[in-house]
1. Filter the stretch 17-44 down to residues that are modelled with pLDDT under 90 and at positive phi and give me whichever is surrounded by the most Cβ atoms within 10 Å (Cβ to Cβ).
2. Quick one: how many residues across the stretch 149-171 are touching a strand residue (DSSP E or B) at 6+ places or on another chain (Cβ under 6 Å), open to solvent by 10 Å² or more (accessible area, probe 1.4 Å) and closer than 16 Å to Leu185 by Cα?
3. Would you mind telling me which numbered condition in (1) modelled with pLDDT of 90 or more; (2) more than 22 Å from Asp29 (Cα to Cα) Asn127 fails?
4. Are there any pairs, at least 6 apart or on different chains, whose C-beta atoms fall under 6 Å, with the first in the stretch 177-200 and closer than 16 Å to Asp22 by Cα and the second among the small types (Gly, Ala, Ser) and outside any helix (DSSP H, G or I), and if so, which?
5. Among the residues of the stretch 24-40, write down those that are touching a residue at least 12 places away in the same chain (Cβ under 8 Å) and either among the charged types (D, E, K, R) or in a loop (DSSP other than H, G, I, E, B) (or both).
6. Given the structure, is Ile94 open to solvent by less than 60 Å² (accessible area, probe 1.4 Å), touching a residue at least 24 places away in the same chain (Cβ under 8 Å) and either within 26 Å of Tyr40 (Cα to Cα) or of a type in the set (A, V, I, L, M, F, W, C) (or both)?
Amino acid sequence: MKRLLLILILTLSFQSLTKADDISDFKIDGYSLNESLLNYYSKDDLKTNWKREKNNYGFKSKKYFKFAFEIKNKGPYEKKIIIYTLRKDKRYKIQSITAFAYYPNKIEKCYDTQLTLSKDFETVFPNTKKEIFEYNNKHDPHGQSTEKDIVFIFDDGSEAGIACLDWGEKYIKQNNTEDHMQVFLDTKGYADWLKGPAYK
């Protein structure tokens, strides 16, 4: 069921495309990169949302605002969409979009779904460079959590990808979280920031 629901979210966007060379042509739950969040929400709404999420920001660098919205294509496992915009950008242009599916104590199923979705990405984004990364997740101070990313890199440096996060037991207990998948779209600026400056 989890796999089916996540694929449904992506398929709704894939159906309107044949092959995409521009990441802005692709949407997750109706949102695309570089469009303004003011197309959907007022500045007051965004301010309230950011204040609610700022304690869950998770990065040392304060370059971006983090927003969390209820997912439009609801299912029992997808809870929210996370979006980041530059703090200095008064138009709130979207720099990163992430959707979630949860796999409590079933990380191998996450990996299976990740491979299936990766094949879909290869079809839709044939002119991208595919890379696979496996590493310890920097959010876990105990060093017990790992992440596997399959990333498709566009000519302009923006990225689309699927990540499986396998959290350690201590981190799960302390943060009330679960193993999960992230399907994401990132601009080059956000992707570069996430690879190092975000944690400094």
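1. Asp29
2. Of the residues in that region, 3 qualify.
3. (1)
4. Phe184/Gly161; Leu185/Ala160; Asp186/Ser96; Thr187/Ser158; Lys188/Gly157; Lys188/Ser158
5. Matches in the stretch 24-40: Phe26, Lys27, Asp29, Gly30, Ser32, Leu33, Asn34, Glu35.
6. Working: open to solvent by less than 60 Å² (accessible area, probe 1.4 Å): yes; touching a residue at least 24 places away in the same chain (Cβ under 8 Å): yes; either within 26 Å of Tyr40 (Cα to Cα) or of a type in the set (A, V, I, L, M, F, W, C) (or both): yes.
Criteria met by Ile94.
The values are calculated or read from the model by the stated rules, or taken from the named source; none is laboratory data. The shown structure was predicted, so the numbers you read here are calculated from the model rather than taken from an experiment. Ideal geometry is used to build each Cβ from the backbone, glycine not excepted, and the neighbour counts take in all protein chains shown. Only protein heavy atoms, including side chains, enter the accessible area calculation; ligands, DNA and RNA are left aside. Shrake-Rupley method; radii C 1.70, N 1.55, O 1.52, S 1.80 Å.
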